[in-house]
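Comments concern the structure below.
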Amino acid sequence: MKFSIQPVLENQEYQLIPLQQGDFESVYEVASDPRVWEQHPNKDRYKREVFESFFLGAMESGGAFKIVEKSSGDVLGSTRFYNYSEEENRIFIGYTFYGTKSWGKGINPQVKKLMLDYIFQFVDKVHFHIGKENVRSQTALERIGGQRIAEEEVAYFAEPTRTNFVYEIKKENDS
């Protein structure tokens, strides 16, 4: 891999800042609301001990971010790049969550655009794992052009295997 999967990314309103160990409390504060996880395959991530494993996986991925609102400095959630494949010329974006105060405000499309605009300099395809029951995230991804291409069992870091749909967004070639 000849590129960073953890740069600082930003637009006028939001920053994606590489996740650091010291960010645990501010990110957990957002994640500690059970409503954040109600459609997710692992509905217990709001529990501190479960979120600690999630956070460890985020740190070990080397591609995780905290999502920050620039005007307030508030942490809104987290996301990450993971599972880069040079052979397939693709990477995954996922493990994304936002606190309920961020829902319905058009933040996710802006964050995904930042990530896609950056990573399409290096890969041709981006994949996303979305829980089979997570209709909210499926709808959000379809709105930004994601196509469901597969269904597979996914073993999240230190969590049980769950059925996920795989979505894909391909780089638009300027031709």
Pairwise label distance in nanometres, PHE3 with ARG136, each label 7 Å out on the Cα-Cβ vector: 3.0
The chain, Gaussian network, Cα under 10 Å: of GLN12, GLN20, GLN110, the residue fluctuating most is GLN12
Net charge near PRO34, counting Lys/Arg +1 and Asp/Glu -1 over other residues with Cβ under 14 Å of its Cβ? +1
Connecting C-alpha atoms closer than 10 Å in a GNM of the chain, tell me which of THR79, THR161, THR96 has the biggest fluctuation. THR161
Sparsely packed GluC sites (Glu not before Pro) within the stretch 42-95, loop by DSSP, other Cβ within 10 Å at most 14: GLU86, GLU87, GLU88
The stretch 1-69: percent of C-alpha pairs farther apart than 21 Å? 31
Checking PHE55, PHE24, PHE97 against a Gaussian network model of the chain (alpha-carbon springs below 10 Å), the top fluctuating residue turns out to be PHE24
What's the local net charge at SER85, with K and R +1, D and E -1, over the other residues with C-beta under 12 Å away? -2
Straight-line reach from LYS170: which lysines have a Cα under 21 Å away, not including same-chain ones fewer than 8 places off? LYS2, LYS112, LYS113, LYS125
Tell me the label-point distance for the pair GLU49, GLU168, using the 7 Å Cα-to-Cβ offset, in nm and rounded to one decimal. 4.1
Mean shadow area of the chain, taken as a quarter of the surface of its Cα convex hull (nm²): 10.0
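No lab work stands behind these numbers, since they all come straight from the coordinates. Here the structure is a predicted model, which is why all the values come from computation and not from measurement. All Cβ positions, glycine included, derive from the backbone under ideal geometry; neighbour counts span all protein chains shown.
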